[in-house]
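Below is one structure, written out as structure tokens; the observations come after it.
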Amino acid sequence: MENTKIIEQLTATAEALFRSTEALRQALEMMQAESDFIPISEATERLNVRPRWIRDRIAEGWWKYGREYRDTSNGDRPNYQICVAAVRKWLEIAPERRSKPRQQR
């Protein structure tokens, strides 16, 4: 009887540990995905913003090339990719404390 109780407790503990490990794995995958550069279409979904908002931040010089965005075009027209983690970090800064936009060439 006592062995059965111990086995049941161990099984419950193992299941809880498995669920916790799975949740941690998913969180780590999300963090990794957000540190990668992704197309604007995906970034808008993750950030809950419109594509125009992203393009405006780039055009106005708010974001640094290579940190918040990059352009993978062949020169015809911009093909921006966004680093969601960097943009989230930028959004955490109070608007009045953000660096002024850089002049565009």
Within the range 77-105, how many residues are under 19 Å from F37 (Cβ atoms) and of a type in the set (D, E, K, R)?
3
Take the residues in the range 86-104 that are within 21 Å of I40 (Cβ to Cβ) and modelled with pLDDT under 90, then tell me which one is surrounded by the fewest Cβ atoms within 10 Å (Cβ to Cβ).
Q104
Could you go through the range 74-84 and let me know if any residue there is in a helix (DSSP H, G or I), surrounded by 14 or more Cβ atoms within 10 Å (Cβ to Cβ) and under 13 Å from the mean Cα position of the chain (by Cα).
yes
Checking E22 against (1) over 15 Å from the mean Cα position of the chain (by Cα); (2) under 23 Å from R102 (Cα atoms), which test does it fail?
(2)
Only residues that are in a helix (DSSP H, G or I) and acidic (D, E): list them for the range 36-73, please.
E42, E45, D56
Of (1) in a helix (DSSP H, G or I); (2) among the small types (G, A, S); (3) surrounded by 13 or more Cβ atoms within 10 Å (Cβ to Cβ), A23 fails just (3)
List the number of the failed condition for E96; all other conditions in (1) within 29 Å of E29 (Cβ to Cβ); (2) part of a helix (DSSP H, G or I) hold.
(1)
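The values are calculated or read from the model by the stated rules, or taken from the named source; none is laboratory data. Every value quoted in this text rests on a predicted model; they were computed, and no experiment measured them. When we count neighbours, we look across all protein chains shown, and the Cβ atoms used for this are built from the backbone with ideal geometry, even at glycine.
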